[in-house]
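The values are calculated or read from the model by the stated rules, or taken from the named source; none is laboratory data. Because the structure is a prediction, the values reported are computed rather than measured. When we count neighbours, we look across all protein chains shown, and the Cβ atoms used for this are built from the backbone with ideal geometry, even at glycine. When the accessible area is computed, the model is the full protein with side chains, heavy atoms only, and any ligands, DNA or RNA have been set aside. Shrake-Rupley method; radii C 1.70, N 1.55, O 1.52, S 1.80 Å.
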Amino acid sequence: MTPLKLTVIGCGYLGAVHAACMAALGHDVVGIDIDHDKVRALSSGRSPFHEPGLDEILARGIASGDLRFTAEPTADDVRGRSLHFITVGTPQASDAGAADLSHLMCAVSMLAQLLDPQERAVVVGKSTVPVGTARRVEEELAGVGAYVAWNPEFLREGYAVDDTLRPSRLVYGLSDDPEAAERGREALDEAYRPLLEAGTPVIASDFATAELVKVAANSFLATKISFINAMAEICDATGADVTMLAQALGHDERIGRRALGAGIGFGGGCLPKDIRAFVARAEELGQGESVAFLKEVDAINLRGRSRAVAAAEAALGGSVKGANIAVLGASFKPDTDDVRDSPALDVASRLHERGARVRVTDPIALSNAAADKPYLTMVEDLDAALRDADLVFLATEWPQFVSLDPKEIAPLVRTRTVVDGRNVLDRDEWSAAGWTHVGIGR
């Protein structure tokens, strides 16, 4: 493998992981981000967010000299490097469901100013974008002779390092121009040579298909999660058990068991905003009817949070006002400190708004949760969160919460009532220990 000199522009969740992993593959990497605090943390070999395994490869990259970060890029940081990955965020616009591409276009403008036209560099977008964005980037960079490709990411928080170094597939979105397509593929093949030699499959497509892959994958996953939550609503109305229903469905190889866990739904920085941006872009293209079902997917997901709060109210006799409620979990899923659009925090907030005395505990996400919801009480010690609780609400399925011994914690609480917002607790075990177990769709 020939090591490449490359940049990674945007060092948030995606970019920091990608930069560190590219250095781990042997490339010479400059990470670029405008956030000076983030750059200082990364330059010290420390991730500004929790991601298993990332600190270790960051530290190795910094120590080897293969990885460095800057918040004030110059032409020297960009020129002489043949490959540039754009990994900036594309958040939901504040006034609509559409994606906000301002950060991405700022990165493109920076490259347009700093690239040397004689070098004919390859610029690769990895950000999740509305279909048509890659062509727009190609037009913006035509004046500096850059080739453009699109290489969507498929990272799962908590598994991002492994998903980058051992991906299930690589997708190359290549230009209609034959020369640009060839150069884009060559650059990506060289960047990912160890992964290709390990047998990672490559799907080479046009720009539009590559742009659609990520939003289509997220939309399918969101649909599967909302489907089982819709079934949970029917189960609640009929007395059926959604966990047994999911088990039976999962044995069908056409369906599979993964992502069929009913509960308070999905959150985070990707699925919610990506399906809304997909709908917005489809409507712009005059194809809104094709993905209109995603609006209901979104609505079912949000409704799951309301239903969970209603379950807590019912468990406490119709009102949570004045009740002590321990909410176990703040992050949107385990193994991350990400609280963006977290169902756990949303449920905690709704309980607080209804007059409950809410105490939130989480292994690693409390500082982010406090910044996002400063009016909630954050408690680091689990026993302190549980003490004198009238109700325990399991909101994030951290292993240490799932494995709680209901007999051991029983003396801490005032009332042995638990709402299992993720349907992960052993109902028989908790019931045998004298608890009232309230599941979702059970």
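Using a 1.4 angstrom probe on heavy atoms only, work out the carbon and sulfur share of the accessible area of segment 101-236 in %. Can you show the working numbers first?
Working: 3010 of 5520 Å².
After summing per-atom areas, the C and S share lands at 54 percent.
Out of the DSSP beta bridges found with both residues in the chain, what percent are antiparallel (nearest 5)? Walk me through the numbers before you get to the answer.
Values: 3 of 46 bridges.
Taking every DSSP beta bridge within the chain, about 5 percent pair in antiparallel fashion.
Which percentage, to the nearest 5, of the DSSP beta bridges contained in segment 21-158 is antiparallel? Don't jump to the answer; show the numbers that get you there.
Details: 1 of 13 bridges.
Once the DSSP bridges in segment 21-158 are tallied, antiparallel ones form about 10 percent.
Carbon and sulfur together cover what percent of the accessible area of segment 331-427 at a 1.4 Å probe radius?
On the way: 1780 of 4030 Å².
Percent of accessible area from carbon and sulfur atoms in segment 331-427: 44.
Starting from the coordinates of the alpha-carbon atoms of segment 1-156, obtain the Kirkwood hydrodynamic radius over all distinct pairs and give the value in Å to one decimal.
On the way: mean 1/r = 0.0637 Å⁻¹.
Averaging 1/r across every pair of different Cα atoms and inverting gives 15.7 Å.
Counting GluC sites (Glu not before Pro) as exposed when in a DSSP loop with at most 16 other beta carbons within 10 Å, what is the longest stretch of the chain free of them? Let's see the in-between values first.
Details: sites that count: 253, 380.
Free of exposed loop sites, the longest segment is 1-252.
Explain nothing, just compute: Karplus ³J(HN,Hα) = 6.51 cos²θ - 1.76 cosθ + 1.60, θ = phi - 60°, for every residue of segment 120-129 in order, whole Hz, x for Gly and Pro.
Couplings: 6, 5, 9, 10, 10, x, 10, 5, 7, 9 Hz.
Quick one: which residues, 5 or more positions from residue 92 or on another chain, have an amide H under 5 Å from its amide H? H modelled 1.01 Å from N in the peptide plane, none for Pro or chain starts.
Long-range HN contacts for residue 92: 100.
Quick one: pull the percent of accessible area on segment 249-324 belonging to carbon and sulfur, 1.4 Å probe, ligands and nucleic acids left out.
Numbers: 1910 of 3630 Å².
Using a 1.4 Å probe with all protein chains present, segment 249-324 comes out at 53 percent carbon and sulfur.
Loop-only trypsin sites (Lys or Arg not before Pro) in segment 254-294, please: DSSP not H, G, I, E or B, and at most 11 other Cβ atoms within 10 Å. Mind showing how you got there, number by number?
Working: sites: 254, 257, 258, 273, 276, 281; in loops: 254, 257, 258.
Within segment 254-294, the qualifying trypsin sites (Lys or Arg not before Pro) (loop, at most 11 other Cβ atoms within 10 Å) are 254, 258.
Need one number: the % of Cα-Cα pairs in segment 1-64 sitting beyond the 20 Å mark.
Above the 20 Å cut-off, segment 1-64 has 15 percent of its Cα pairs.
Taking segment 233-357, how much of its Cα-Cα pair set, in percent, is spaced more than 25 angstrom apart? Numbers along the way, then the final one.
Details: 3069 of 7750 pairs.
Roughly 40 percent, once rounded to a whole number.
Total Lys pairs in the chain closer than 18 Å by alpha-carbon, pairs eight or more apart in sequence or interchain only?
Taking the chain as the scope, the lysine pair count is 12.
Ratio of alpha-carbon Rg to the 2.2 N^0.38 Å globular estimate for the chain, to two decimals, please.
Details: Rg = 23.6 Å, N = 442, 2.2 N^0.38 = 22.3 Å.
So the chain has a normalised radius of gyration of 1.06.
Placing +1 at every Lys and Arg Cβ and -1 at every Asp and Glu Cβ, with all other atoms neutral, what dipole size does the chain have around its Cα centre, in debye to the nearest 20? Let's see the in-between values first.
On the way: 45 positive and 64 negative charges, 194 e Å.
Roughly 920 debye, rounded to the nearest 20.
What three numbers, in Å, describe the spread of the alpha carbons of segment 301-394 along their principal axes, ordered from the longest?
34, 31, 21
Using label points projected 7 Å from each Cα along Cα→Cβ, tell me how many nm separate residue 293 and residue 142, to one decimal.
Those two pseudo-labels are separated by 3.8 nm.
Determine the per residue accessible area of the chain with all protein chains present and a 1.4 angstrom probe, expressed in square angstrom.
Details: 18590 Å² over 442 residues.
It amounts to 42 Å² per residue over the chain.
Going by Cα centres, segment 237-293 and segment 47-83 are how many Å apart?
After rounding, the separation between the Cα centres reads 36 Å.
For the chain, what is the mean residue ellipticity at 222 nm derived from helices alone (per DSSP H run of n ≥ 4: -39500 (n - 2.57); sum divided by total residues; nearest 500 deg cm²/dmol)? All intermediate terms of the calculation are to be shown ahead of the outcome.
Working: 19 runs with 196 residues, N = 442.
About -13000 deg cm²/dmol.
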